Amino acid sequence: MKTKSTFKTYFMLTLCIAMMAVGIYFFKFTNNFTFGGVTGLAVLIAKTGFISAGDFTFAANILLLLIGFLFLGKGFGFKTAYCSILLSVMLSALERICPLSAPLTNEPLMELIFAIALPAFASAFIFNVGASSGGTDIIAMILSKYSSVNIGKALLLSDISITVASFFVFGIETGLYSALGLTIRSVMVDSFIESLNLSKYFNIVCNYPDPICAFINHTLHKSATICKAKGAFSGQDKYIIFTAMTRYQAIKLRNFIKEKEPEAFILISNTSEIIGKGFHSI
């Protein structure tokens with residue numbers, strides 16, 4: 001069972017890295033958008049003609065991986081190493097299999113959207129399984145372990161520096177697009193992560209909790225907590241059921257309650273932060 005779960009995780013990581021590589025190579029590199037760590041720096045370095053963006057990304061990520069293993073040892077995630085190497089290989093392979101010298105379209109804004117959205121969605125899933133695509137994230141891990149430096153501000157400052165440089169290297173228009181990409185990227189990653197983790201939290205006020213709890217336990221394979229309560233207006237004894245589940249399971253539970261106990265009072269909230277058995281560990 002564990003082997004099957006591991007295979008599924010790495011299969012999904014591979015798909016996400018492929019999506020990220022497509023977004024970076026076809027939409028970011030060709031338009032000289034410089035937001036985003038190592039790949040943003042690669043765009044600037046490639047302008048010198050000394051090395052291509054894909055090959056620089058490959059060399060930089062391998063170097064950072066070696067530094068990561070040196071300073072972090074066993075604390076360095078194997079999944080992060082896998083994602084970093086795979087992304088580097090894919091970008092270098094795309095440069096050789098499908099060389100591009102110009103953007104795919106004459107619509108830089110549309111290409112900016114793809115350059116942000118594809119890597120952002122991929123990053124959200126990768127972060128969600130406790131990994132990253134490497135690059136400057138490895139530097140963040142090292143700084144976090146050996147210093148009290150504010151990692152978020154340090155990485156943001158480096159991204160801003162690379163983006164500002166694009167104004168001088170590629171002109172105002174490309175620089176503005178890069179600045180816009182930098183602004184939107186982090187917000188989009190956070191939004192995708194919240195969407196992936198989104199669950200439904202139920203407060204169910206009812207008269208007969210047993211059928212509802214049985215459905216939650218045996219059909220949805222979730223747990224619940226029951227508390228005795230009293231209606232403030234009616235004075236009648238009531239029960240409150242607390243439970244949390246996925247959006248798909250929430251639809252089933254809502255329909256079941258509507259059919260079995262239509263008088264029940266249900267409060268349903270969205271949440272992306274649930275820590276405990278069946279959800280996320282601390």
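Of note:
- The equivalent ellipsoid of segment 1-125 has semi-axes of 26, 18, 12 Å, largest first, where each one is the square root of 5 times an eigenvalue of the Cα gyration tensor.
- Footprinting exposure proxy for I204, I172, I113 (fewest neighbouring C-beta atoms within 10 Å first): I172, I113, I204
- The shape of segment 111-254 can be summarised by an equivalent ellipsoid whose semi-axes, obtained from the alpha carbon gyration tensor, come to 48, 18, 15 Å from longest to shortest.
- Exceeding the 25 Å Cα-Cα cut-off - candidates K230/K260; K79/K200; K200/K260; K8/K222; K4/K252: K79/K200; K4/K252
- Residue-averaged [θ]222 nm for the chain, counting only DSSP H segments that reach four residues, each worth -39500 (n - 2.57): -20000 deg cm²/dmol
- Stokes-Einstein D (µm²/s) once Rh is taken as the Kirkwood radius of segment 52-124 over alpha-carbon pairs, at 20 °C in 1.002 mPa s: 152 µm²/s
- Each residue in L157, L64 was given a count of other beta-carbon atoms within 10 angstrom of its own, and listing them fewest first yields L157, L64.
- GNM on the chain, alpha-carbon springs under 10 angstrom: the most fluctuating residue among I126, I251, I162 is I251.
- Listed residues G134, G77, G23, most fluctuating in the chain (Gaussian network, C-alpha, under 10 Å): G77
- Average projection, convex hull of the Cα set of the chain: 19.9 square nanometres.
- Using the alpha carbons alone, the radius of gyration of segment 199-271 stands to its Kirkwood radius in an Rg to Rh ratio of 0.95.
- Net charge dipole size for the chain [Lys, Arg +1 and Asp, Glu -1 on Cβ; Debye, nearest 20]: 960 debye
Rule-based calculations on the coordinates, nothing more; no lab input. All values reported here derive from a predicted model rather than from experimental measurement. Glycine also receives a Cβ, built like all others from the backbone with ideal geometry; neighbour counts cover every protein chain displayed.
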